[in-house]
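Report on the following structure.
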Amino acid sequence: MNKSFLIGRLVRDPDFRLTPSGVALCRFSIAVDRIPKQENQSADFIRVVAWRRLAEICNQYLKKGKLIAIEGRLQIDSYDKDGEKRISAEIVADTMQMLDRGQDLPQSNKQSVPSFDLV
């Protein structure tokens, strides 16, 4: 079973676009702390991609520094660049949950933090 669960902070604002066929696509990276922390690097930077409605929601609500939880699957692709084989890995998000408590929510909604699924 290919299932990944990550908690981390957005490294930069999401990159949102539509494919030529009109499907929403949102890419972003999150910094995930290593346990135990190592001297030279205390975080891994993981690329995430969201599709369709989840992509629209990520674009609307996520900003650099926001703490989120992502559930999805690991996708590994290989390609050739300048005759050299390269490997790329990213998480294809199924669900996203914002973990920061009420920072960007209206005053009346500060008690509930939304969670978004594809279903």
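If you check ARG34 against the conditions, is it modelled with pLDDT under 95, in contact with a strand residue (DSSP E or B) (Cβ under 7 Å, 6 or more places away or on another chain), loosely packed, with under 13 Cβ neighbours inside 10 Å and among the basic types (Lys, Arg)?
Yes: the conditions hold for ARG34.
Considering only the stretch 54-88, how many residues are of a type outside the set (A, V, I, L, M), within 24 Å of SER21 (Cβ to Cβ) and not in a strand (DSSP E or B)?
Here the count works out to 4.
Every residue in the stretch 96-119 that is out of contact with any Ser or Thr (no Cβ under 7 Å at 6 or more places or on another chain) and modelled with pLDDT of 90 or more, please.
Across the stretch 96-119, the qualifying residues are MET96, MET98, LEU99.
Each row is one residue, and each column tells you yes or no for (1) of a type in the set (Val, Ile, Thr); (2) surrounded by 12 or more Cβ atoms within 10 Å (Cβ to Cβ).
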residue: SER29; (1), (2): no, yes
residue: ASP44; (1), (2): no, yes
residue: VAL48; (1), (2): yes, yes
residue: ILE70; (1), (2): yes, yes
residue: ASP77; (1), (2): no, no
residue: VAL92; (1), (2): yes, yes
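Could you check the stretch 29-53 and list, in sequence order, the residues that are within 15 Å of SER4 (Cβ to Cβ) and either outside any strand (DSSP E or B) or in contact (Cβ under 8 Å) with a residue 24 or more places away in the chain (or both)?
ILE30, VAL32, PHE45, ILE46, ARG47, VAL48, VAL49, ALA50 - these are the residues of the stretch 29-53 that are within 15 Å of SER4 (Cβ to Cβ) and either outside any strand (DSSP E or B) or in contact (Cβ under 8 Å) with a residue 24 or more places away in the chain (or both).
What number of residues within the stretch 6-34 satisfy the criterion of being of a type in the set (A, V, I, L, M, F, W, C) and within 13 Å of TRP51 (Cα to Cα)?
Of the residues in that region, 7 qualify.
Restricting the first residue to the stretch 89-112 and requiring it to be more than 15 Å from GLN60 (Cβ to Cβ) and of a type in the set (Lys, Arg), which pairs with a second residue that is surrounded by 14 or more Cβ atoms within 10 Å (Cβ to Cβ) and modelled with pLDDT under 90 meet a Cβ separation below 8 Å and a spacing of at least six or different chains?
ARG101/VAL113
The values are calculated or read from the model by the stated rules, or taken from the named source; none is laboratory data. Just so you know, these numbers come straight off a predicted model, no measurement behind them. Here Cβ is always computed from backbone atoms with ideal geometry, including for glycine, and neighbour counts include all displayed protein chains.
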